[in-house]
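Enquirer: Please see the structure below; I have some questions.
Values quoted throughout were computed directly from the atomic coordinates according to the rules given, and no laboratory measurement underlies them. This structure is a prediction, so every number in the text was calculated from the model and none was measured. Note that we place each Cβ from the backbone using ideal geometry, even for glycine, and neighbour counts take in every protein chain shown.
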Amino acid sequence: VVGLATARQWAGERQGVDVAERGSYGLRPLAVLAGSAHASVLKAMSILGMGRQVLTPVATLPGRQAVDAHAMGSALRALGGAPAIVVASAGDVNTGDFDDLAALADLCEAHGAWLHVDGAFGLFAACDPARAGWLAGLDRADSVATDAHKWLNVPYDAGVVFTRHLALQEKVFRAVAAYLGAGPDLLHRTPENSRRFRALPSWMTLMAYGRDGCTAVVQQCCALASDLGDRIQRSAHLELLAPVRLNIVCFALRRGGSAERDRLLATLLDGGVVRLTPTVLHGRPALRAAFSNWRTTPADVDRIWAALERTAAERPS
Ligand SMILES: Cc1ncc(COP(=O)(O)O)c(C=O)c1O
């Protein structure tokens, strides 16, 4: 919400309208383009009155969730210079895939578009030297969002937004009242006025564990995901749907559609060992296992695998 609202302020000002003061009436619809936008992007578009259906889905690379940069270039060209937001994924929710941020930053620069990067999971890949390269170009984004309640393991809800357009952001979120003051208080930068001190657990976690601690959690989660992915690849009942790049394993039953997938999920949940979430990948009903907890160990993967393989094998044929 913060990233897109700030982008809309920027788009309004390009057309000579201060949206925070006058609203967006009469402005050209603001195009939003993405390869694999998370549900929260659509929700933000709805909240902001931009409209979910305004999102233009752009083709992804074959077999991938990463956007096809050539297709993005064509989509931007087709707008003929109209203001646009490109929403990039750094770690998509289904497979942990990364858009080519440097290529998207080049395109946004060439076409005068705003680059927002959704790095809810993927921003933390920066801790891991083997994966940090996927974030090349991040420093050229106009806004970036991430979650401390994922890989930093702090309680919900600890969303973080970075922007290089703080003045625009403050125009949008300023709360005007003498008693609130006009200083650099966060109440002038986000939707909330009264807010609890949710930065504290994030700060303390960073101070307690530091870069090395974060790196260890990221590497451990990715290794566990990769282990589960390897086992699924060898399974007679399950099929891995995407390479395990990050911490997410996306897979499906070799036989059966969404009803069988949902029964499998329910049986696993009843078993009390593992909770997986459903998804759809390239039109196929699928399951996803996302590793982010610092306490998950290789022994847990053994338990997950035993429950999963047994439940998948026991399904009536
Ligand atoms: C890729 C991605 N983007 C955005 C979000 C939104 O997260 P939240 O609503 O927890 O801030 C998530 C959460 O799963 C996500 O995986």
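Enquirer: Taking the Cα centre of the chain as the origin, how large is its charge dipole in debye, to the nearest 20, when only Lys and Arg (+1) and Asp and Glu (-1) carry charge on their Cβ atoms?
Expert: 520
Enquirer: If you don't mind, another one. Farthest toward the dipole's positive end in the range 96-245, which of Y179, A216, L104, given Cβ charges of +1 (Lys, Arg) and -1 (Asp, Glu) about the Cα centre?
Expert: Value computed over the given set: Y179.
Enquirer: Now for a different question. Which ³J(HN,Hα) values in Hz, rounded to whole numbers, follow from the phi angles of the range 96-111 under the Karplus curve 6.51 cos²θ - 1.76 cosθ + 1.60, where θ = phi - 60° and Gly and Pro get x?
Expert: Per residue, the Karplus-derived 3J(HN,Hα) values read x, 6, 10, 5, 7, 5, 5, 5, 5, 5, 4, 5, 5, 5, 5, 9 Hz.
Enquirer: Efficiency by 1/(1 + (r/R0)^6): what FRET value for A236 and D302, r their Cβ-Cβ distance, R0 = 22 Å, to the nearest 0.05?
Expert: Approximately 0.75, to the nearest 0.05.
Enquirer: For the range 47-169, give the magnitude of the charge dipole about the Cα centre (Cβ charges: +1 Lys/Arg, -1 Asp/Glu; no others), in debye to the nearest 20.
Expert: Roughly 180 debye, rounded to the nearest 20.
Enquirer: Let me spell out the model: positive unit charges on the Cβ of Lys and Arg, negative unit charges on the Cβ of Asp and Glu, origin at the Cα centre of the range 1-96. What dipole size does that give, in debye rounded to 20?
Expert: 140
Enquirer: So, one more: Within the range 107-178, report the trypsin sites (Lys or Arg not before Pro) that DSSP leaves as loop and that have at most 16 other Cβ atoms within 10 Å.
Expert: R164, R174
Enquirer: Using a 10 Å cut-off around each Cβ, can you sort T205, T146 from fewest to most neighbouring Cβ atoms?
Expert: T205, T146
Enquirer: Ok, one more. Work out, step by step, the length gained on full extension between Q219 and D185: first 0.36 nm times the residue separation, then minus their alpha carbon distance; give nm to one decimal.
Expert: Residue separation times 0.36 nm, minus the Cα-Cα distance, leaves 8.7 nm.
Enquirer: Follow-up question, since we're still on this one. Between N293 and K43, take the C-beta separation as r, use R0 = 22 Å, and let me know the FRET efficiency to the nearest 0.05. Please list the in-between numbers first.
Expert: Working: r = 25 Å, r/R0 = 1.14.
Here the calculated transfer efficiency is 0.30.
Enquirer: What percent does the relative contact order of the chain come to when contacts are Cα pairs within less than 8 Å and at least six residues apart?
Expert: The value is 14 percent.
Enquirer: Give, to the nearest whole percent, the P(r) tail of the range 1-82 beyond 17 angstrom, counting all Cα pairs. Walk me through the numbers before you get to the answer.
Expert: Details: 1700 of 3321 pairs.
Here the tail beyond 17 Å accounts for 51 percent of pairs.
Enquirer: Additional query: Among G16, L27, T6, flag the residue with its Cα farthest along the positive direction of the charge dipole of the range 1-47, charges on Cβ as +1 for Lys/Arg and -1 for Asp/Glu.
Expert: Positive-most Cα among the choices belongs to L27.
Enquirer: Run the quick spin-label model on Q15 and M204: label points 7 Å from Cα toward the beta carbon, then report their separation in nm to one decimal.
Expert: For Q15 paired with M204, the spin-label model returns 4.7 nm.
Enquirer: Let's test the formula: R0 of 25 Å, r as the Cβ-Cβ distance of A167 and R195. What FRET efficiency results, to the nearest 0.05?
Expert: Numbers: r = 21 Å, r/R0 = 0.84.
That pair, A167 with R195, gives E of 0.75.
Enquirer: Between A110 and E260, what is the label-to-label distance in nm when each label sits 7 Å out along the Cα-to-Cβ direction?
Expert: About 4.5 nm, to one decimal.
Enquirer: While we're on this one: Report the full-extension gain for the segment R28 to R284: residue separation times 0.36 nm, less the Cα-Cα distance, to one decimal in nm.
Expert: 88.5 nm
Enquirer: Follow-up question, since we're still on this one. Mind checking which of A145, A199, P129 is farthest towards the positive end of the range 75-202's charge dipole, using Cβ charges of +1 (Lys, Arg) and -1 (Asp, Glu) about the Cα centre?
Expert: Checked the options; the winner is A199.
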